[in-house]
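Below is one structure, written out as structure tokens; comments come after it.
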Amino acid sequence: MSFKEKLIWLQGKKVAVCDTDKTRAAEIKAFLQHYGVDVIWMRTAQEMLADLESRRYSTHRVFFAVFVSADLAHNLSQPWAEIVKVNPSILKAPLILMGSSQQISDSADLMKAGYFAHCLINPISPHEMLRVLRRLNRWNAMRGDTTPAAILAK
């Protein structure tokens with residue numbers, strides 16, 4: 001069985017990429033689409049906040065994972081904390097923090113709060129991205145099904 005065949009479970013999953021860097025977001029999107037992943041790109045803090053607000057009271061999980069750049073994570077840390085207090089089920093979708101080594105170390109408070117499942121240091125290598133996705137597959141198996149049929153059934 002080829003490596004790509006082993007990753008067939010990714011096909012049809014929905015992932016959000018929240019990043020202000022157009023080039024990096026395009027690279028991540030192209031990489032994930034290679035495996036059949038549906039990618040939503042949120043470019044600004046306002047787009048992320050609008051998406052968060054639309055899910056404030058929802059208990060349905062939409063994204064398999066959300067990749068967030070460190071700068072956007074810091075900009076939205078306060079509204080995120082307020083929304084999570086109202087609806088802790090939002091934390092069912094794992095967040096992956098992306099940034100430079102310095103940005104990741106500056107985000108220690110967000111990591112300690114338990115918001116982020118993993119960190120990826122820029123530039124993100126394909127190997128590291130696949131490693132995180134494999135870990136998320138095991139994590140998601142414990143947290144519930146995220147297939148389109150399961151989401152619609154809820």
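The values are calculated or read from the model by the stated rules, or taken from the named source; none is laboratory data. Predicted model only: the values in this text are computed from it and were never measured. For neighbour counting, all protein chains shown are included, and Cβ atoms are generated from backbone atoms with ideal geometry for every residue, glycine included. Side chains included, ligands, DNA and RNA excluded: accessible areas come from the protein's heavy atoms. Shrake-Rupley method; radii C 1.70, N 1.55, O 1.52, S 1.80 Å.
Among the conditions (1) at pLDDT below 90; (2) within 12 Å of the chain's Cα centre (by Cα), the only one that PHE3 does not satisfy is (2). The single residue among VAL62, VAL39 that is of a type in the set (A, V, I, L, M), at pLDDT 95 or above and surrounded by 14 or more Cβ atoms within 10 Å (Cβ to Cβ) turns out to be VAL39. Cβ separations smaller than 6 Å between residues 6+ apart or across chains give the following pairs from the range 109-128 residues that are touching a residue at least 12 places away in the same chain (Cβ under 8 Å) to residues that are open to solvent by 40 Å² or more (accessible area, probe 1.4 Å): LEU120/GLU128; ILE121/SER101; ASN122/SER100. Scanning for something out of contact with any strand residue (DSSP E or B) (no Cβ under 6 Å at 6 or more places or on another chain) and of a type in the set (A, V, I, L, M, F, W, C), does the range 27-41 turn up at least one residue? Scanning the range 27-41, I find at least one residue that is out of contact with any strand residue (DSSP E or B) (no Cβ under 6 Å at 6 or more places or on another chain) and of a type in the set (A, V, I, L, M, F, W, C), so the answer is yes. Of the residues making up the range 101-154, those that are at pLDDT below 55, open to solvent by 40 Å² or more (accessible area, probe 1.4 Å) and either among the aliphatic types (A, V, I, L, M) or in a helix (DSSP H, G or I) (or both) number 9.
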